[in-house]
Amino acid sequence: MVEPLPEIANDTARQIVDSAFKVHTALGPGLIESVYEACLAHEMEKRGLRFQRQVIVPILFDGLRLDAGLRLDLVVNELVVVELKAVEKLIPVFEAQLLTYLKLSGKRLGLLINFNVVRIKDGIKRMAL
């Protein structure tokens, strides 16, 4: 049986989503991912969330620890992995990517957020292990 997520993880996810709504309301779709990342980071900082940007995750393979250029867009409160996109449509490989990031990072909760949508609620996917 899988342990329920700690309430702090759910609270953190809610604050991230609220922050994404604020950024999207102000900027709308059509910008590049790095702009949304910077603005989301600013909004989360204002809310007192602790986060890291572009977190390097090594790949453990065949007894080796390899830096293969894998980077998590954001890790918030050391609990939630956030993968940002600014694409026409979320496709299944993005969900697979986030699940893999969760497994490799040892985190259980992730948010896939696509800012290139008319309504931000249509661009947010929550995933948990």
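The values are calculated or read from the model by the stated rules, or taken from the named source; none is laboratory data. Worth saying up front: this structure is predicted, and the values here are computed from it rather than measured. Reconstructed Cβ throughout: ideal geometry from the backbone, glycine too, with neighbour counts over all protein chains shown.
Considering only residues that are touching a residue at least 60 places away in the same chain (Cβ under 8 Å) and more than 11 Å from the chain's Cα centre (by Cα), look in segment 100-120 and name the one that is nearest to R65 (Cα to Cα). Among residues in segment 100-120 that are touching a residue at least 60 places away in the same chain (Cβ under 8 Å) and more than 11 Å from the chain's Cα centre (by Cα), the one nearest to R65 (Cα to Cα) is R108.
Identify, please: which residue in segment 56-80 is in contact with a Ser or Thr (Cβ under 6 Å, 6 or more places away or on another chain) and of a type in the set (A, V, I, L, M) and is, among those, farthest from C39 (Cα to Cα)? Top of the filtered list is V57.
Of the candidates T12, T25, the single residue that is modelled with pLDDT of 95 or more, closer than 18 Å to M127 by Cβ and of a type in the set (S, T, Y) is T12. From the list G28, G48, the one residue that fits, being surrounded by 10 or more Cβ atoms within 10 Å (Cβ to Cβ), on the phi > 0 side of the Ramachandran plot and out of contact with any strand residue (DSSP E or B) (no Cβ under 8 Å at 6 or more places or on another chain), is G28.
Within segment 100-113, if we keep just the residues that are of a type in the set (A, V, I, L, M, F, W, C) and assigned to a strand (DSSP E or B), the residue that is farthest from P29 (Cα to Cα) turns out to be L109. Highlighted here are the strands (runs of 3 or more DSSP E) found entirely within segment 1-99 that include at least 1 residues which are touching a residue at least 12 places away in the same chain (Cβ under 8 Å) and within 17 Å of F115 (Cβ to Cβ): 51-56, 71-76, 80-85. So is V57 at pLDDT below 95, within 14 Å of K107 (Cα to Cα) and not hydroxyl-bearing (S, T, Y) or not? Judged against the criteria, V57 is a match. If you filter segment 58-83 down to residues that are of a type in the set (A, V, I, L, M, F, W, C) and surrounded by fewer than 18 Cβ atoms within 10 Å (Cβ to Cβ), you find that the one that is nearest to the chain's Cα centre (by Cα) is L70.
Here M44 meets the list (1) out of contact with any Phe, Trp or Tyr (no Cβ under 9 Å at 6 or more places or on another chain); (2) within 16 Å of T12 (Cα to Cα) almost entirely, failing just condition (1). Filtered by the rule that a residue be under 16 Å from R50 (Cα atoms), among the aliphatic types (A, V, I, L, M) and either surrounded by 15 or more Cβ atoms within 10 Å (Cβ to Cβ) or touching a strand residue (DSSP E or B) at 6+ places or on another chain (Cβ under 6 Å) (or both), segment 1-21 gives A9, A13, I16, V17, A20.
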